[in-house]
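Right, one structure below, let's go through it.
Any read-out appearing in this document is the output of simple, stated calculations on the displayed coordinates, not a laboratory observation. Predicted, not measured: the structure shown is a model, and the values here were computed from it. Positions of Cβ are backbone-derived with ideal geometry, glycine not excepted, and every protein chain shown enters the neighbour counts.
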Amino acid sequence: MLTNSKRQISAIMALLVFFFSAFPAKRSDAAVPLVGLAISAFGPGGTLVSSNVLASVGTALIGGTIVALGITPNNAEAPTRVPLSTDQPTIDAVMPPPVVPQTVSASTGTQYTCAGGYCTGNYGSPAAACAAVVAAGTGGVCSYNPTEYTTLTVTGVTAGSCQIMTQCGSWSPSYIGVTLVPVETTTCPAGYTLNNGSCVLNNARQAQSDNKYDLVRTPTGFALPSAEADSQPSYLSAGSGRIVVTGSDSSGNPVVTTIELNSSGGVKVTANTQSTMGGQSVVNTQTIDTSTNGQVSSVNSTTNQGSISGVGTGEVPVVNTGAAVNPGESLVFPSDYARVGEAATAAQAVKTSVDAVKDQLTSSVDVVDPTVPAWTDPWGTTFNALKGWSLPSHSSSCPQPSFNWEGRVYAFSTHCQLVTDHWSALSAAMMVVWTIAALWFVLTA
């Protein structure tokens, strides 16, 4: 019986340890961290020029050719590829689209349109066609009273018709029947265009996801793709021909990178990184300019007082910079000691202090030996506070955890009764364990 009790107690304790390890009592709030980013540069044919232009030595890039950038996030979102060249074969060599069939079979189906001109276009279901009728007619001026407006409501839908209730302001409603005409249609999947009954590939990036979000180079800058199977990453925004990338570097510092055209028709990449220098917030700005053929023409790096605000808010971050920060301290050259006599003055002050110490050490004045007083009460009242000390009292109760899930409260209390029922066996087992442990420590000492 004692063996079974021990097994039950062991099973209960193991269950409790597992539960509180998997479901800690402390509540934790989810937070969205700043996305860590690395921006790599690629040359013609996909050769890697720099694995991370944010961390590379700027002068090492001068003279190289960059035709595309790769933005790799430190989370589950898709990486982004940015074409810097305007030559499509060059772009495809560095940013190849996913491999998909050139032609696929078209699919046929039935759509619906409205007879009598109540709606325009084809719709995938009768309900969608009826909803189009309501959307087209609601809000018009009532013919009975120009100050009131017409409201349409769908009251019935069948495979071939729908009933619409129309009401002009406060007037009594009337009903109209709209006949739905089925239309046999032939459609192609996304990324394909119908041509002579067959679907021909039009956009491979729209036809299939490759877990890469590819931007578009335009004559005025850069833009988001009009059709892309992969979703736009949260760290990326675009507007007015400029790309803005927000994230953090390898040290967790916020980084805002802009990609836009420069005055010569090439590309300008500006990376602003916020950090702390000398106890103040500073922004390091690294600028890379390329010519029209992608060759890096200049690299510049400056550090100014300032900060980056708005990162992670969904808005375009703002980079505020002030005066330039001097990376070092100016040198202060010493004066000419021999000419102005500063060395002699300093030496005289040292000599005076040393002579005073020497006089005290060599003095012949007799010193009277001190007398040690009698010590009748060595401890005094040092330990008086310990006279009333006693073991502190302690009381405890069995923990009964609980949690709320889907509107119900689940409590764990049965283990308390099990521990109480087997308390004597548990106490005896622990006494044996501690006795063995004490003997082990004593015998191995």
**Message:** Between residue 437 and residue 387, what is the label-point separation in nm under the 7 Å Cα-to-beta-carbon projection?
**Reply:** 3.7 nm
**Request:** Report the FRET efficiency, 1/(1 + (r/R0)^6), for residue 302 and residue 220, where r is their Cβ-Cβ distance and R0 is 45 Å, rounded to 0.05.
**Result:** 0.95
**Fill in**
Rounded to the nearest Å, the spacing of the alpha-carbon centers of the range 202-233 and the range 262-298 is 25 Å
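Give me the extension gain from residue 62 to residue 93: residue separation times 0.36 nm, minus the current Cα-Cα distance, reported in nm with one decimal.
Full extension from residue 62 to residue 93 adds 8.9 nm.
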**Message:** Can you compute the modelled spin-label distance between residue 281 and residue 148, with each label point 7 Å from Cα toward Cβ, in nm?
**Reply:** 6.0 nm
**Complete:** So for R0 = 56 Å, FRET eff. of residue 374-residue 429 from the Cβ-Cβ r, to 0.05, ends up at 0.40
